[in-house]
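Participant: Submitted below is the structure of interest, expressed as structure tokens.
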Amino acid sequence: LVTCELEDGIKTEGDTWEEGEWTLCECTPYGEAECICKTDQGVECHESEELYYDSDCKARCTLERATCTVTGDPHYKTFDGYRHDFQGANCHFTLIKTDHFQLIGKNGRRYDAENVSWNDEIQLHFNGVEIWSGANGEVIMGDTVLGSSYKKIWRDGKSLEVSKAGSSVIIKVGLGNGVEGLEVIWDGNSTVDATVHGMYFEKTRGLCGVWDLNDKNDLQTSDGKTVDDVNTF
């Protein structure tokens, strides 16, 4: 029989065991331990909430996902629904920053317009990887130009997935245990739709705002001060 070598000993194919309170593992025919979260944890979420399993497989309830949108020249709608315009040209800026990833945009001038900008490109930093996408949906990771689809899965269950449809690019960040932390849809021109998991409630920063159901504090600086002018922000 195939065996699985673990830090605390050896398991044989078909053996099952628990790791912690919420995780069930099995030694597979491939000699690898495969673990899943226990689903019978007695947790029930409200209708407006979403059930998910954290990194320790503990079942938790959180708000349904929220979306921030950047479009046009450029107009921003934060997670809390606050609308503002940021015309900063030829500079990079943080759209969303969490403890797991950072989404960055870059504004540029077009059509010889001196006072109007458009979002020209996006960058995603996640788990030591940088993804860049610009005009017409070109996607580059490091020094490699990606094709129509790409997926990377780390041993701890995190994942990064890129797919293209015409000039549009879809980027998905997986955090393990079936949790999709971020989905970005970039149209290759000027529009970004970024949707985050409910686990980031009260944990976002950047031009997409502090997601906390309060649109009055979305222009919050890195030191926690709320300002009225987006250019100051």
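The values are calculated or read from the model by the stated rules, or taken from the named source; none is laboratory data. Predicted model only: the values in this text are computed from it and were never measured. A quick note on method: Cβ atoms are made from the backbone with ideal geometry, for glycine too, and the neighbour counts reach across all protein chains shown. Side chains are part of the model used for accessible areas, which takes the heavy atoms of the whole protein and leaves out ligands, DNA and RNA. Shrake-Rupley method; radii C 1.70, N 1.55, O 1.52, S 1.80 Å.
Participant: If contacts are Cα pairs under 8 angstrom and at least 6 residues apart, what is the relative contact order of the chain in percent?
Facilitator: Worked out over the chain, it gives 16 percent.
Participant: Pick out, from 177, 189, 207, the residue whose Cα sits farthest towards the positive end of the charge dipole of the stretch 160-207, with +1 on the Cβ of Lys and Arg and -1 on the Cβ of Asp and Glu.
Facilitator: Going by the Cα projections, it comes out as 207.
Participant: Run the numbers for residue 90 and residue 189: contour at 0.36 nm per residue of separation, minus the present Cα-Cα distance, in nm.
Facilitator: Taking 0.36 nm per residue and subtracting the Cα distance, the gain is 34.1 nm.
Participant: Modelled label-to-label distance, residue 83 and residue 71, 7 Å Cα→beta-carbon offset: nm?
Facilitator: Placing both labels 7 Å along Cα→Cβ, they lie 1.0 nm apart.
Participant: What distance in nm lies between label points placed 7 Å from Cα along the C-beta direction at residue 203 and residue 140?
Facilitator: For the pair residue 203/residue 140, the computed spacing is 3.2 nm.
Participant: What residues have an amide H closer than 5 Å to that of residue 139, excluding those fewer than 5 places away on the same chain, when H is modeled at 1.01 Å from N in the peptide plane?
Facilitator: Distant-sequence amide H within range of residue 139: 146.
Participant: Considering only Cα-Cα distances, which of the following residue pairs are longer than 19 Å: 97/203; 152/172; 11/58?
Facilitator: Correct reply: 11/58.
Participant: What's the extension gain from residue 47 to residue 99 if we count 0.36 nm per residue and subtract their Cα-Cα distance?
Facilitator: 16.0 nm is the gain from fully extending residue 47 to residue 99.
Participant: Leaving out ligands, DNA and RNA, and with a 1.4 Å probe, what % of the accessible surface on the stretch 25-66 is carbon or sulfur?
Facilitator: 42 percent
Participant: Heavy-atom accessible area per residue, the stretch 120-228, 1.4 Å probe: how many Å²?
Facilitator: Each residue of the stretch 120-228 exposes 48 Å² on average to a 1.4 Å probe.
Participant: Say R0 is 30 Å: what FRET efficiency, to the nearest 0.05, do residue 2 and residue 149 get from their beta-carbon distance?
Facilitator: Working from the Cβ atoms, E equals 0.40.
Participant: Here is a follow-up. Starting from the Cα-Cα distance between residue 217 and residue 30, subtract it from 0.36 nm times their residue separation and give me the gain in nm to one decimal.
Facilitator: Net length gain for the segment: 62.1 nm.
Participant: At 7 Å along Cα-to-Cβ for each site, give me the label-to-label distance between residue 127 and residue 156 in nm.
Facilitator: Here the modelled spin labels are 0.9 nm apart.
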